[in-house]
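First up is the structure itself, then whatever we jot down about it.
Derivation of every value follows stated rules applied to the coordinates shown; laboratory data play no part. Owing to the predicted nature of the structure, the values given are computational and were not obtained by experimental measurement. Cβ sites come from the backbone with ideal geometry, for glycine too, and all protein chains shown count toward neighbours.
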Amino acid sequence: MTLKIDSELELRQLQLTDAHDIFETIDVQRSYLGKWLPFVAFTKQLSDTQAFVASVVNAPKDRFEFIFTIRSEHKFVGVIGFKGTDWLNKISEIGYWLSEKHQKKGIITKSVAKLSDFAFNTMDLNRIQIKCAIDNEPSINIPKRLGFTFEGIERDGEWLTENEFTDLEVYSKLKSD
């Protein structure tokens, strides 16, 4: 499945063949991506990424999550998707990351807007949320820009690779917003 955003940008559902592009991006941007993304430290070789991608693509129906690669002019630039989807309560969380050289072009803002529309109108979710480390201003600006509501701080919400926890700002949007 592909969600077209504009003439240059699209979200393409994760495929087994995406593992190489994902790993290469992580591998050459470890310090940049690893500052906010704990999984970077555990992604040591291509087989780690291949195992992750296979777990997503081959997930049983009751644990399936929509995960997409972000593509600019058909080239891989990042990943966006849902995690922890609660189908009974129609709730999910959106997570994302973007290659450093593609920052500050509105790519994540457009991608989150498209995924939000998909969540409410295709998946029939009622609530989506985004959690961002309290010092990660670029990430925090995304839900703010898109009209998400700030709900508060999740204390020690994520374990970072520096052997410390970070607090998370929690934002949400309802289908009725």
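Quick notes on this one:
- Cα gyration tensor category, rounded, prolate or oblate, for the chain with a/c compared to 1.5: rounded
- Computed label-point distance, nm, for sites residue 163 and residue 30 using a 7 Å Cα→Cβ extension: 1.8
- The C-alpha radius of gyration of the range 24-92, expressed as a fraction of 2.2 N^0.38 Å, stands at 1.25.
- Exceeding the 18 Å Cα-Cα cut-off - candidates 35/101; 75/144; 83/105; 75/110; 4/110: 75/144; 83/105
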